[in-house]
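Visitor: Here it is: the structure, laid out below.
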Amino acid sequence: GWSRGRHAEMKDSERAQLMQLLVDAPSYDAWRAAARQLDELNGFGEWREKSTEYFDAKLARLRLDTLKSLHDSDDVLNLMHHIRADLHRGIGGIWNPRMHVYHTGSKRLVEEYMEHVDQMLQYILQHPRVPTKEKYTFFMDLGVTYS
């Protein structure tokens, strides 16, 4: 029969094989496939859905809703201000290293927040009412903070 020890040994062997695949991957796609398998083996799916003491989900949701509202109302200057402040402060603990322990993602809300911020940065970059010099300063400020 299967014992817990035997099952753990198989998991350890599979984990070691996947870690080696990360090192030897011939392409990003191959690396990503191995990383996803490794993350699932290590419990990523369950972890990303649970709350944690390292992350304030309510605050992150509130800030994301504020950014969406500013974006939806085309309040680009306030949107720039809030993005700069949020990213500088790392609202809700999204920059905590314990929120980024897996290869292929983080908490679902952190990923949603970052995807929306990425879209909003593109929106700001292309916005006709924001002068080029102001865009340059904004993105340079973000670059200095996150380079």
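Visitor: Would you compute, from DSSP H runs of 4+ residues alone, the mean residue ellipticity of the chain at 222 nm, taking -39500 (n - 2.57) per run and dividing by the full residue count, rounded to the nearest 500?
Guide: Values: 7 runs with 105 residues, N = 147.
Result for the chain, helices only: -23500 deg cm²/dmol.
Visitor: If you don't mind, another one. What net charge do the residues around residue 17 carry, taking every other residue with its C-beta under 15 Å from that of residue 17, with Lys and Arg at +1 and Asp and Glu at -1?
Guide: Within the 15 Å Cβ shell, the charges total -3.
Visitor: Among the lysines, which have Cα under 21 Å from the Cα of residue 107 when same-chain residues fewer than 8 positions away are ignored?
Guide: Partners found: 50, 58, 68.
Visitor: Over the range 51-145, what percent of the accessible surface lies on carbon and sulfur atoms, probe 1.4 Å?
Guide: 55 percent
Visitor: OK, next. Starting from the Cα of residue 23, step 7 Å along the direction of its Cβ; do the same at residue 56; then give the gap between the two resulting points in nm.
Guide: Here the modelled spin labels are 4.2 nm apart.
Visitor: A further question follows. So, counting K/R as plus one and D/E as minus one, what does the shell of residues with Cβ under 14 Å around residue 89 add up to?
Guide: -1
Visitor: With every protein chain left in place, what is the accessible area per residue of the range 51-145 in square angstrom, probe 1.4 Å?
Guide: Ligands and nucleic acids excluded, the figure is 59 Å² per residue.
Visitor: Now, a different point. Taking each pair of different alpha-carbon atoms in the chain once, compute 1/r for the pair, average those values, and report the inverse of that mean as the Kirkwood hydrodynamic radius in Å to one decimal. Mind dumping the intermediate values first?
Guide: Numbers: mean 1/r = 0.0559 Å⁻¹.
Taking every pair of different Cα atoms in the chain, averaging 1/r and inverting gives 17.9 Å.
Visitor: Calculate how large, on average over all directions, the projected area of the Cα convex hull of the range 89-138 is; give the answer in nm² to one decimal.
Guide: Values: hull surface 17.8 nm².
That works out to 4.5 nm², a quarter of the Cα hull's surface.
The values are calculated or read from the model by the stated rules, or taken from the named source; none is laboratory data. Quick caveat: nothing in here was measured; it's all calculated off a predicted structure. Using ideal geometry, Cβ is built from the backbone for each residue, glycine included, and neighbour counts are taken over all protein chains shown. Note: areas computed on protein heavy atoms with side chains; ligands, DNA, RNA excluded. Shrake-Rupley method; radii C 1.70, N 1.55, O 1.52, S 1.80 Å.
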